[in-house]
1. Could you please find all residues in region 1-28 being assigned to a strand (DSSP E or B) and at pLDDT below 80?
2. Name the single residue that is nearest to residue 86 (Cα to Cα) among those in region 43-58 being at pLDDT below 80 and surrounded by fewer than 13 Cβ atoms within 10 Å (Cβ to Cβ).
3. Could you tell me whether any residue of region 62-73 is assigned to a strand (DSSP E or B), loosely packed, with under 13 Cβ neighbours inside 10 Å, at pLDDT below 80 and out of contact with any helix residue (DSSP H, G or I) (no Cβ under 9 Å at 6 or more places or on another chain)?
4. Can you give me the number of residues within region 26-45 that are touching a residue at least 12 places away in the same chain (Cβ under 8 Å) and over 12 Å from the mean Cα position of the chain (by Cα)?
């Protein structure tokens with residue numbers, strides 16, 4: 001993550017069972033892939049979450065990229081917002 005800044009708000013990240021976790025930092029980064037460059041902003045750093053995941057209300061829509069993230073149990077997709085074409089999966 002680049003451009004990390006302390007989170008000064010009082011909000012928490014809540015998961016499915018309602019448990020809240022403290023947000024420590026926010027960040028910005030650029031994700032380079034062989035075919036695309038994705039700008040990720042408003043990344044939340046929540047150390048109590050054990051798995052690395054992209055956290056945002058789903059579907060995540062990023063204005064600079066014109067994409068949305070589709071996250072499932074064992075796979076994620078980055079789709080073009082206009083064409084709905086899958087740009088990246090993992």
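1. Just the residues of region 1-28 that are assigned to a strand (DSSP E or B), to begin with: 2-6, 12-14, 20-22, 25-28.
Result: 2, single match.
2. Only one residue fits best here, namely 58.
3. Going residue by residue through region 62-73, those that are assigned to a strand (DSSP E or B) are 62, 67-71.
Among the residues that remain, those that are also loosely packed, with under 13 Cβ neighbours inside 10 Å are: none.
Taking every residue of region 62-73 in turn, none turns out to be assigned to a strand (DSSP E or B), loosely packed, with under 13 Cβ neighbours inside 10 Å, at pLDDT below 80 and out of contact with any helix residue (DSSP H, G or I) (no Cβ under 9 Å at 6 or more places or on another chain).
4. The initial filter retains those residues of region 26-45 that are touching a residue at least 12 places away in the same chain (Cβ under 8 Å), namely 26-30, 33, 35-36, 38-45.
Among the residues that remain, those that are also over 12 Å from the mean Cα position of the chain (by Cα) are: 33, 35-36.
Total meeting the criteria: 3.
The values are calculated or read from the model by the stated rules, or taken from the named source; none is laboratory data. None of these values were measured; they are calculated from a predicted model. Cβ atoms come from the backbone with ideal geometry, glycine included; neighbour counts cover every protein chain shown.
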